[in-house]
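Enquirer: Below you will find the structure I want to go over with you.
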Amino acid sequence: MALQDINIGTLANDGTGDDLREAFIKVNQNFEDLDLRSPESTTASNLGNVGEGVFYQKAGSDLQFKKLVSGANITLTSSTNGITVNATGGLQQLNVVSDSGSKQLVDGDTLNIFGGTGIGTSIAGDNLTINSTTELSTDTTPVLGGNLDANGNNLINGGTLTASTFAGAFQGNLTGLVYGVDIRLIAPNTAGFNFGTLSNVITSVVDWIIYQTDIDFGSMFTPDPRVFDAGTIA
């Protein structure tokens with residue numbers, strides 16, 4: 001039933017409005033209509049398409065709302081007409097330590113990353129890229145911090161090789177001079193020793209016998225045990 005409107009007339013006691021009985025009949029009917037309405041039609045809504053709503057539900061005639069709870073670095077302050085939300089910055093403190101120097105960052109600070117000589121930096125999205133254009137050839141005094149592993153590759157175009165100790169065995173051919181001498185000329189069973197020619201001047205029978213007789217001193221690995229002194233070679 002629609003609510004009844006009580007006619008109060010134009011002027012007081014002008015006889016154009018509802019009499020007292022008729023007016024209270026309408027009052028009673030209006031209260032009965034409100035009492036018979038079930039469930040209560042009053043409700044609440046959360047407006048907008050984004051965010052979290054504060055209205056939870058209606059239980060009978062009780063409108064129930066969610067509470068605001070402060071999270072990390074958030075404070076809520078209630079006043080007579082409102083609730084104040086205060087947020088502390090997310091970055092409270094960050095210590096940045098390098099090989100040389102350090103810095104303490106607080107909320108709002110900026111940390112700059114620049115490249116040094118031969119080093120470039122760039123940022124794309126969430127990625128920080130550090131590019132090095134420095135080559136070994138540009139370092140005039142390169143020093144290794146550990147063993148150099150050539151990974152089966154050759155070391156070519158080398159100059160002077162200086163070492164206090166050569167450990168291990170050489171594999172393959174070793175080409176070069178040892179104290180200015182090509183050791184291939186004195187390798188056994190190859191070129192042998194070359195002392196040039198000996199004088200063949202024969203002045204006696206003994207010289208002739210020596211000249212005609214082959215002498216075998218054995219090999220470098222199994223030499224003849226006899227001692228031979230040929231004197232000096234001029």
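Just so it is clear, none of the values below were taken in a lab; they were calculated from the coordinates. Here the structure is a predicted model, which is why all the values come from computation and not from measurement. FYI the Cβ positions are ideal-geometry reconstructions off the backbone, even for glycines, and counts take in every protein chain you see.
Enquirer: Sort the following peptides by mean Cβ neighbour count (other Cβ atoms within 10 Å, averaged over residues), highest first: 131-144, 17-30.
Expert: Numbers: 131-144: 7.9, 17-30: 12.6.
Taking the mean over residues of other Cβ atoms within 10 Å, the ranking is 17-30, 131-144.
Enquirer: Give me the extension gain from L185 to V227: residue separation times 0.36 nm, minus the current Cα-Cα distance, reported in nm with one decimal. Spell out each step's value before the answer.
Expert: Working: separation 42, 0.36 × 42 = 15.12 nm, distance 2.47 nm.
Once the chain is fully extended between L185 and V227, it gains 12.7 nm.
Enquirer: If you don't mind, another one. Percent relative contact order of the chain, based on C-alpha pairs within less than 8 angstrom and at least six residues apart? Numbers along the way, then the final one.
Expert: Details: 142 pairs, mean separation 11.9, N = 234.
With pairs under 8 Å counted, the relative contact order is 5 percent.
Enquirer: Same structure, new question: So what is the calculated 222 nm ellipticity per residue for the chain, using -39500 (n - 2.57) for each DSSP H run with n of 4 or more, over all residues, to the nearest 500 deg cm²/dmol? Provide the component values of the computation, followed by the final result.
Expert: Numbers: 2 runs with 25 residues, N = 234.
That calculation yields -3500 deg cm²/dmol at 222 nm.
Enquirer: In debye to the nearest 20, how big a dipole does the chain give about its Cα centre with +1 on each Lys and Arg Cβ and -1 on each Asp and Glu Cβ?
Expert: My answer is approximately 480 debye.
Enquirer: Cα axis of helix 20-36 to longest principal axis of the chain: angle in degrees, 0 to 90, nearest 10?
Expert: For helix 20-36, the angle is close to 30 degrees.
Enquirer: Using +1 at the Cβ of each Lys and Arg and -1 at the Cβ of each Asp and Glu in segment 1-99, identify which of N86, V96, L34 lies farthest towards the dipole's positive end.
Expert: In segment 1-99, that residue is V96.
Enquirer: May I ask you to evaluate 6.51 cos²θ - 1.76 cosθ + 1.60, the Karplus curve with θ = phi - 60°, for each residue of segment 148-154 and list the ³J(HN,Hα) values in order in whole Hz, giving x for glycine and proline?
Expert: 8, 9, 6, 6, x, 8, 8
Enquirer: Would you list which aspartates and glutamates come within 19 Å of K26, measuring only between C-alpha atoms, while excluding same-chain residues fewer than 8 positions from it?
Expert: D5, D18, D35
Enquirer: Any aspartates and glutamates with Cα under 20 Å of the K67 Cα? List them, leaving off those in the same chain fewer than 8 positions away.
Expert: K67 reaches E52.
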